[in-house]
Structure formats: structure tokens, C-alpha cells
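Structure first, then comments.
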Amino acid sequence: MTNKHYIAIDTETGGLDPKRCALLSIACVSSRGPTFERLIYPPVGDVDARAAEVNGYTAEGWIERGAAPLNEVMNQLMNWVFETAWADPEVQAEMVAHNAPFDQGFVRENMIRAGLRTRSKPWTCTKERLRKYLGKGYYEPGCKLDDLGRLSGYWDLHPRSEAHDALEDAKCCLHGMIWLDRENEQLNNFV
């Protein structure tokens, strides 16, 4: 069984382009327990109508749920990641996202918007890991987070809400990453 430390990250955004669209919420889940979830208001960038519908975003709703300014959220994120991922010099966490280039692009762009330095290793992409796993012929669904959640059993344990939620999706991503590790280990034991 794997003994890796993961931090799964998910973002909800105002669209697909990190240079133009707003980061609306961000969540991280550590395989060692702690979670981080923040909503951002006011949006820094565009919020497309379709993206708002998918996220359930409304200005009033975000304010009611305690959304904070981007600079505050990004500083909190940096502190949380440092304390959770790198506080123990013996074990460094691996950053994971389901569509890692997308989420990493939004995090990087918004760190810059907040005036913070950015530097990080590439994140592990569970979408790519799932694609490789499925390429072995064991299942035939797509490679969306919903597919990973279904295959790993996450959605059986925690039924998906209608609106996309960064914390829910980060938890699914972490569960799926651990499941993919287990599946890979089992396959390697049969070879």
C-alpha cells in the first residue's frame, strides 16, 4: 500500500481562460487530514454566465457564504500549503488535480494577481493517470472527474451535488488518486 502524502486541489472559475476569467473558489484536501476551502469575492476577472450556472455562483450567495478578497485568499492558501505540505522536511506532499494544467494555471495566474511569487513543480494529473489506467482496457468510460469518482466509488459514498463545488471535487480527486495508486500496485503485483 502506498504511503505517499497528497494534496488534491480543485478550483471553480468564471470561465476557461485563467488570464481573463475569475477564480471563484479554491479547495485543497490533504491525505493527512486538513482541508482548505475559500470563496473569492469580488471576482477579479470575467464570470461567464455558463460558468456561474455550473458553480452556482451569485454575488449575493458568495457574500453570504463568507467570500473574501483574492489577495487574502491567496495568502491563506500559501500559508496552508506550506504548513500542510512542507512543514515536515521528511515528507513533501505531491500536489494533485484532476485536470492539473487547468487548476495550476488558475492558481498561478491568481498568485500573480495577488502579487505573490509563484514557483512549484508540475502537479500530478489524475485525469492523465486515469487515461493511462483506462488505456489498459479495464473500463470504458470517459476521463472526467465524474468518471474517476464513479470508478473509485467516491460518488457511492458521497453523492454529487448539482452545482460543482471545489471542496467536494478536491475530495473526489484525492480519493481517486489513492484508488489509482492501489489499482496500479495490484496490477504490478500480477505482472
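Cα-based values for the range 6-190, radius of gyration first and Dmax second, are 16.5, 54 Å.
Placing unit charges on each Cβ (+1 for Lys and Arg, -1 for Asp and Glu) gives the range 31-80 a dipole about its Cα centre, and among Ser31, Pro69, Val47 the Cα reaching farthest toward its positive end belongs to Ser31.
Only helical runs count toward this figure. For the chain, summing -39,500 (n - 2.57) over DSSP H runs of n ≥ 4 and dividing by all residues gives -14000 deg cm²/dmol at 222 nm. Taking the longest Cα principal axis of the chain as reference, the axis of helix 100-113 is set at about 30 degrees.
Let me spell out the model: positive unit charges on the Cβ of Lys and Arg, negative unit charges on the Cβ of Asp and Glu, origin at the Cα centre of the chain. What dipole size does that give, in debye rounded to 20?
On the way: 22 positive and 28 negative charges, 130 e Å.
So the dipole magnitude of the chain works out to roughly 620 debye.
For the chain, DSSP calls about 65 percent of its internal beta bridges antiparallel. Against the chain, whose longest principal axis comes from its Cα atoms, helix 166-190 is set at around 20 degrees. When only alpha carbons are used to place a centre, the range 60-90 and the range 15-59 end up 13 Å from one another.
Since every read-out is calculated from the coordinates, none of them should be taken as a lab result. Not measured: the values here are computed from a predicted model. Positions of Cβ are generated from backbone atoms using ideal geometry, with glycine treated the same way; all protein chains shown enter the neighbour counts.
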